[in-house]
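The values are calculated or read from the model by the stated rules, or taken from the named source; none is laboratory data. Model, not experiment: these values are computed from the prediction. Every residue, glycine as well, gets a Cβ built from its backbone with ideal geometry; the counts of neighbours run over all protein chains shown. The accessibility values were calculated without ligands, DNA or RNA, using every heavy atom of the protein model including side chains. Shrake-Rupley method; radii C 1.70, N 1.55, O 1.52, S 1.80 Å.
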Amino acid sequence: MTVNETLAQASNAMVYGSMTAFTGAMAAFSISLANGRRLEAIEVSAERASASHQVRMGSTATLDKPAVSTSVSDGQDLGEGRRAGNIGMSLTWLGTLLLGAGIIFRGLSAGRVPIGNMYEFSLAGGFAVGLTYCLLSLTRDLRWLGLFITIPVLLDLGLAITVLYTESAQLVPALNSYWLAIHVTAAVVCLGAFTMGAALSCLYLVAQAAEDRAAAGMEPGRSAAIAQRIPSADRLDLMAYRIHAFMFPIWTFAVIAGAIWAEAAWGRYWGWDPKETWAFITWVIYAAYLHARATAGWRGKKAAYVAIAGYAAILFNYFIVNIFVQGLHSYSGL
Amino acid sequence: MRVALILLFLLALASVPGSIFPQRGTSPLRVSEFLKDNPTTGPILDRFYMFDVFASPWFASIYLLLFISLTGCVLPRALEHYKELRSQPPAAPRNLSRLPVHLEWKSNAATALVISETATAWKKRGWRVRQGEDWLSAEKGYSRETGNLMFHLALLVLLMAVGFGGAVGYRGTVIVREDSGFANNVTQYDTFAPGRIFSADQLPPFSFELKEFAATFQRGGQQNGAPREFRAELLVKDDPKAEPRAVTVEVNHPLRTSGITVYLVGHGYAPQFTIRDASGKVVYEDAAVFLPQDSAFTSSGVVKVPDTVPQLGIQGFFLPTVTNDFSRGPKSVFPAADDPEVYLSAYQGDLGLDSGMPQSVYRLDIKNMKRIGIEELAPGETWTLPNSGGTLEFTGYRQWASFVITKDPGKGWALGAAIASIVGLSLSLLIPRRRAWLRVTAAGDSGSLIEVAGLSKTEAPGLADEILQLAKLVNAPEEK
Ligand code: HEM
């Protein structure tokens, strides 16, 4: 079976189109963030909890008859930045859909699952980040997060088309398995969601730093400039936890699916290949994050650092191990 | 928990060198190269097991400690949880308005009726309900803890399955040429790595013959020469008396029989030679396995002919597709055998086979040999060896395939434990444990005050909505 060049070219054009849309989204989100502000000043923790949880926690609803509550927004008042935020949101949708179409066309051009080399993984990873963000923003206002999502997506796509680009082609026999679709899709979905988790954990650290300064009666520092425009530290911490907790079983599944595949392809389900070793390290770090969240003295900032370390391990596995370390997983296509 | 946390960090940290330094278990050749290139640091690193990280005592002690800590934590928790599953939820607190989710409204329904009907309705929704005189106390989400215990127990089972499989199983590799066979016997393996308590009579008596090996490669484009398909056609006998059956083994599609698995892991070429001595007697007629040196399958190998005087040794290259450019020595340009040739050097002298030292079949020991000539041959060509060495005919080539053959009886257990761990994890992380209460307080003439409240120890996203749903189930007669 040969590669359909027209479809391959169309795929490339869509990826470029998607990058243009994401660049526009990034600009719009930064304008939105620059003009937005939080209505309340940054408060100290006790008030913070009730302020941000609003109806949900710690208040009594007096009713004639119980009615289903409306859901609470995680968002902040973007003020003047609302319009730009909406434009950013639409462009993010556009960029994500274009990228999805580019991936599908790439697959059609070679007649196979389009996740066979690093260029294709990177496209899929960017798509997963965009889609996670877009889907989550359907039920809550996440415009404040847009800038911190579009930046990693653009970096990822930029690397993909410059350094990692590989022509559309068939697969090597080792990858020719339905486990490719299962294992790699699960891993890529996790990559997308963990990117968002890491962004939230970083923002949490910024917000916490600003709140700690406020609590200590210090002048607002640089962290306050961002912290004013995003949700409270508690809220961010909780959102980061939920994403990580939701993704951890899926990540576990991705690793196990890889082991099942390795059993079929290489004759052993686990062999401490460098790629496997780093998948294991990542898994252990995220497990440590979940433990840290449940261990007195580790909640909060320390746990956030652990989550960020987990993400660093993912990136290390993806870029450093794929490209520079010899192992059985040599399918980067470079 | 803190101990577990520290041990988890240690485990992650301890794995890192295993991905930085080459490991004996996976790439023994790269380890010896590393030791040769780093004569000073190499042995020091070796002393700290840097080339056997995952088999090292310090790695073992970390996971052993984790194992102990895990057992020490899970067993008491399982007991505790078992008791909890058989007891009732605690009584409702006096003041429900302090709870995170709290609703209240006036009603004039009879207290006893509200309590009993609500209890039925909540139970129907899967809540465990305890009934007081004018209150209800309900709890849900026990499977969070069940799942958590299941996950941690599954990890223990997984560790044991890995250890068990490694100890009683084995792993061997073998190269088989087309039209040759393999019988499952320790002596037939090229390399054989048994587990600690493996015994040779566990080898099932199966055998197979490699009828044909086929490889296809990408032609043209950026990935020219990249492999696209490997296929080995086998004739398998599950035991000596069984009827042979045809089986196709491909990458990702191993052969599974009698508890063992046969994987196709590599392939190459075996040029066929017929060698005659000066008198014309055939002294060698076989296909010699040549090992690929690069991705275009420039392959090198040797032929040893001990039955001539002086002994004859051939060293050479097999090129599946030759080029006319010899500036960098003989080199193939494409992995498929489009235009094969061999480049040979012939040696006479003592092969050194009688010295008692084991010799590699892929290397010629030319210490006591003299080169008598070099030649380039296409299939069907014959070379008259100088120095009355006889003749050598390059009659064609066969392909060979290499197989990994393994037995790992712990595999099924490991898979079961892995699946259980995902199920357990999902329950543990996605199901919140939560409590709900109802209290009816007499409020004088205007009937009674109904309060519904909820609490979740773990940050449950939908708690408020869920409590509202429960509140809607409370017998609410003002609708009349
Ligand atoms: C070594 C001994 C271990 C102990 C004493 C231990 C203890 C615990 C405890 C008490 C919890 C409940 C925390 C909660 O309710 O939130 C927990 C949760 C958990 N443990 Fe462990 N654990 C151990 C090992 C491990 C290991 C080796 C892993 C996997 C790498 C692991 C992964 C998890 C996960 C994913 C959770 C769920 C966290 C959550 O519920 O938020 N544990 N562990």
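Projecting the Cα atoms of B:352, B:399, B:389 onto the dipole axis of segment B:329-399, where Lys and Arg carry +1 and Asp and Glu carry -1 at the beta carbon, places B:352 farthest toward the positive end. The residues of segment A:285-299 listed by number as losing at least 40 Å² of accessible area in the complex, against the isolated chain and with a 1.4 Å probe, are A:288, A:291, A:295, A:298. With the Kirkwood sum run over all distinct C-alpha pairs, the protein assembly as shown has a hydrodynamic radius of 31.5 Å.
If packing is taken as the mean number of other Cβ atoms within 10 Å per residue, what is the order of A:91-97, A:120-126, highest first? Display every interim value, and only then the final one.
Details: A:91-97: 22.1, A:120-126: 26.0.
Output ranking for A:91-97, A:120-126: A:120-126, A:91-97.
In this Cβ point-charge picture (+1 for Lys and Arg, -1 for Asp and Glu), segment B:171-407 has a dipole of about 660 debye about its Cα centre.
Its residue count N sets the reference 2.2 N^0.38 Å, and the alpha-carbon radius of gyration of segment B:2-80 equals 1.42 times that reference. For segment B:54-137, the set of GluC sites (Glu not before Pro) satisfying both a DSSP loop assignment and a count of at most 10 other C-beta atoms within 10 Å is given as B:133. Compare the Cα positions of B:372, B:262, B:180 along the charge dipole of segment B:171-407 (+1 at Cβ of Lys, Arg; -1 at Cβ of Asp, Glu; about the Cα centre) and return the one farthest towards the positive end. Result: B:262. Projecting the Cα atoms of B:336, B:300, A:22 onto the charge dipole of the protein assembly as shown (Cβ charges, centred on the Cα centre) puts A:22 farthest toward the positive pole. Mean per-residue shielding of peptide A:88-97 is 0, counting Cβ atoms of other chains within 10 Å of each Cβ. Within the shell defined by Cβ-Cβ distances under 15 Å, the residues around residue B:33 carry a net charge of +1, with Lys and Arg each +1 and Asp and Glu each -1. The trypsin sites (Lys or Arg not before Pro) of segment B:66-99 that meet both conditions, a loop assignment by DSSP and at most 12 other Cβ atoms within 10 Å of the site Cβ, are B:86, B:94. Computed over chain B, the P(r) curve from all C-alpha pair distances, binned at 10 Å from the origin, holds 3, 13, 16, 17, 14, 10, 9, 7, 5, 3, 2, 1, 0 percent per bin.
In the structure displayed, which of B:241/B:411; B:140/B:472; B:36/B:370; B:83/B:140; B:211/B:281; A:275/B:36 lie more than 22 Å apart, Cα to Cα? Can you show the working numbers first?
Numbers: B:241/B:411 28 Å; B:140/B:472 18 Å; B:36/B:370 29 Å; B:83/B:140 16 Å; B:211/B:281 30 Å; A:275/B:36 25 Å.
B:241/B:411; B:36/B:370; B:211/B:281; A:275/B:36, as the Cα separations exceed 22 Å there.
Rounded to the nearest 20 Debye, what is the dipole magnitude of the protein assembly as shown about its Cα centre when Lys and Arg each give +1 and Asp and Glu each give -1 at the C-beta? Write down the numbers at each step before the final one.
Working: 70 positive and 68 negative charges, 561 e Å.
Dipole about the Cα centre, nearest 20: 2700 debye.
When the chymotrypsin sites (Phe, Trp or Tyr not before Pro) in segment B:57-160 are filtered for DSSP coil states and for at most 10 other beta-carbon atoms within 10 Å of their beta-carbon, no site remains.
If you count, for each residue, the other Cβ atoms within 10 Å and average over each peptide, how do B:371-377, A:146-152 line up from highest to lowest? Before the final figure, lay out the partial values.
On the way: B:371-377: 16.3, A:146-152: 22.3.
Final packing ranking: A:146-152, B:371-377.
Using the Cβ atoms and a cut-off under 11 Å, what net charge is assigned to the surroundings of residue A:171, where Lys and Arg are +1 and Asp and Glu are -1? If you can, show how the numbers build up before the last one.
Details: positive: A:112, B:228; negative: A:120, B:229.
Residues close to residue A:171 contribute a combined charge of 0.
The Cβ shell under 13 Å around residue A:221 holds other residues with a net charge of -1, Lys and Arg each +1, Asp and Glu each -1.
Mind checking the mean number of beta-carbon atoms from other chains within 10 Å of the Cβ atoms in B:226-235? Intermediate values should be presented prior to the final figure.
Details: counts 6, 6, 7, 5, 4, 1, 0, 0, 0, 0.
Across B:226-235, the average partner-chain Cβ count within 10 Å equals 3.
Peptide B:408-416 is shielded by partner chain Cβ atoms: per residue, an average of 2 of them sit within 10 Å of its Cβ.
For segment B:268-371, what is the accessible area per residue in Å², given a 1.4 Å probe and the full set of protein chains?
Working: 5180 Å² over 104 residues.
With all protein chains present, segment B:268-371 gives 50 Å² per residue.
Can you give me the angle between helix B:111-124 and the longest principal axis of chain B, using Cα atoms only, in degrees from 0 to 90, rounded to the nearest 10? Approximately 10 degrees, to the nearest 10. Against chain B, whose longest principal axis is taken from its Cα atoms, helix B:463-473 shows a tilt of about 50°. Based on Cα contacts under 8 Å between residues 6+ apart, segment B:2-80 shows a relative contact order of 40 percent.
Evaluate the charge dipole of segment B:201-284 about its Cα centre and quote only its size in Debye, nearest 20, assuming +1 on the Cβ of each Lys and Arg and -1 on the Cβ of each Asp and Glu. Provide the component values of the computation, followed by the final result.
Numbers: 10 positive and 10 negative charges, 57 e Å.
The calculation lands at about 280 debye.
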